[in-house]
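Quick notes on the structure that follows.
The values are calculated or read from the model by the stated rules, or taken from the named source; none is laboratory data. Not measured: the values here are computed from a predicted model. Cβ sites come from the backbone with ideal geometry, for glycine too, and all protein chains shown count toward neighbours.
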Amino acid sequence: MTHLRTMMVEELVRRNYSDATRECYVRAVKEFAQFFNCSPDKLGLEHIRIFQAHLFTDRKLSPNTVNQHLAALRFFFVKTLHRPWNTAETPYPKRVKSLPSVLSPDEVTLLIDSAITPFHRMELMTLYATGVRRAELARLRVNDIDSKRMVVRVRGKGLKDREVMLSPVLLAALREHWRRHRPKEWLFPGGSRHHLNHPITPKAVYHACRCAARRAGLEKKVHPHVLRHAFATHLLDADTDLRTIQMLLGHSSLEQTARYLHVSKRHLSAAVSPLDALTLSSKRRDPETPARI
């Protein structure tokens, strides 16, 4: 597997896949090989169909997660091994389009205030203030903070860099963060004392968020992407236009951003339920009394 892993990673790097995607794809192929206890280059489409059924029936994974595994296997067989792939024999399951989970402003406040350390608090504040993904947060550099123009440069997926607004409140907190840790290159350095010359990992960002959520006692399932959802929804509630939110999030399609219309408090409250237009009697009808015809 070592040689195959190297070949696959090289192909992923050549195509500029993100670190998170590379890790996910390699892990999926490893799980596929371990399931059959066999080198993956000796397996074929029939094994993929069996593995796909296993992911659904035994591991109870969602259709979206199964799709991710299939995408990894397709990349491995087509791009790494240069073998044909028959989509008809290995169909992708229908994707589930669920609404994003959104925290209220009060819940965001409680989450940030429940951070274990000032470093974790800074991570959560930056996530909410900029709407960045956790991998993007981990890659933020000190010189990405432009206080003169009041923007933050975000190194997005692939070559999709973008700029988001720099909140004055966030800037003040970042300056205190810099005085405390003196980061040289990475805004959030790795290591237990945050002094190493490499950044924190996206997994560390997830850990900071989950620990704060547990301390806050929030019943919702909270992870870093929930703060991204809150960023977009709260901007929409504040009358920010959808196109601007799309640019801030780095979405390639407006359709991706439009789903926040379904959870925006302002847009939902703008519609009046037809029940409110009815004049209902305050008296309760006896079920044995027939209604007048």
| task | Select from region 111-130 the residues that are farther than 14 Å from Val226 by Cα and surrounded by 15 or more Cβ atoms within 10 Å (Cβ to Cβ) and list them in ascending order. | result | Ser114, Ala115, Phe119, His120, Arg121, Met122
| request: Could you run through region 44-70 and say how many residues are of a type in the set (Phe, Trp, Tyr) and surrounded by 16 or more Cβ atoms within 10 Å (Cβ to Cβ)? | output: 1
| On the given criteria, is Leu196 surrounded by 12 or more Cβ atoms within 10 Å (Cβ to Cβ), without any contact (Cβ under 8 Å) to a residue 40 or more places away in the chain, within 27 Å of Val13 (Cβ to Cβ) and not small (Gly, Ala, Ser)? | yes
| query | When region 205-214 is examined, which residues are found to be over 18 Å from Ala135 (Cβ atoms) and in contact with a helix residue (DSSP H, G or I) (Cβ under 9 Å, 6 or more places away or on another chain)? | reply | Cys211, Ala212, Ala213
| query | Which is surrounded by 13 or more Cβ atoms within 10 Å (Cβ to Cβ), part of a helix (DSSP H, G or I), among the hydrophobic types (A, V, I, L, M, F, W, C) and modelled with pLDDT under 95, of Leu268, Leu261? | reply | Leu261
| query | Is region 219-235 home to any residue that is more than 22 Å from Ala20 (Cα to Cα), of a type outside the set (Val, Ile, Thr) and more than 18 Å from the chain's Cα centre (by Cα)? | reply | yes
| said: Filter region 157-206 down to the residues that are among the aromatic types (Phe, Trp, Tyr) and closer than 16 Å to Asn143 by Cα and list them by number. | reply: Trp178, Trp186, Phe188
| query | Of the residues Val164, Val205, Val151, which is crowded, with 20+ Cβ neighbours inside 10 Å, β-branched (Val, Ile, Thr) and within 24 Å of the chain's Cα centre (by Cα)? | reply | Val205
| Out of (1) among the β-branched types (Val, Ile, Thr); (2) crowded, with 17+ Cβ neighbours inside 10 Å; (3) out of contact with any Ser or Thr (no Cβ under 8 Å at 6 or more places or on another chain), what's the single condition that is false for Val169? | (2)
| remark: When every residue in region 86-112 that is without any contact (Cβ under 8 Å) to a residue 60 or more places away in the chain and part of a helix (DSSP H, G or I) is compared, the one farthest from Arg180 (Cα to Cα) is Asp106
| request: Taking Leu248 as the residue in question, decide whether it is in a helix (DSSP H, G or I), assigned by TED's automatic domain parsing to the domain that holds Glu185 and closer than 16 Å to Val102 by Cα. | output: no
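Residue-wise test of (1) within 21 Å of Leu236 (Cα to Cα); (2) in the same structural domain as His177 (by TED's automatic domain parsing).
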site	(1), (2)
Ala72	no, no
Asn86	no, no
Pro91	no, no
Pro100	yes, no
Asp113	no, yes
Leu127	yes, yes
| said: When the residues of region 219-236 are narrowed to those that are surrounded by fewer than 18 Cβ atoms within 10 Å (Cβ to Cβ) and modelled with pLDDT of 95 or more, which ends up farthest from Val142 (Cα to Cα)? | reply: His223
| note | Residues of region 71-108 being closer than 30 Å to Leu124 by Cα, crowded, with 16+ Cβ neighbours inside 10 Å and not acidic (Asp, Glu), in sequence order, are Val102, Leu103, Val108
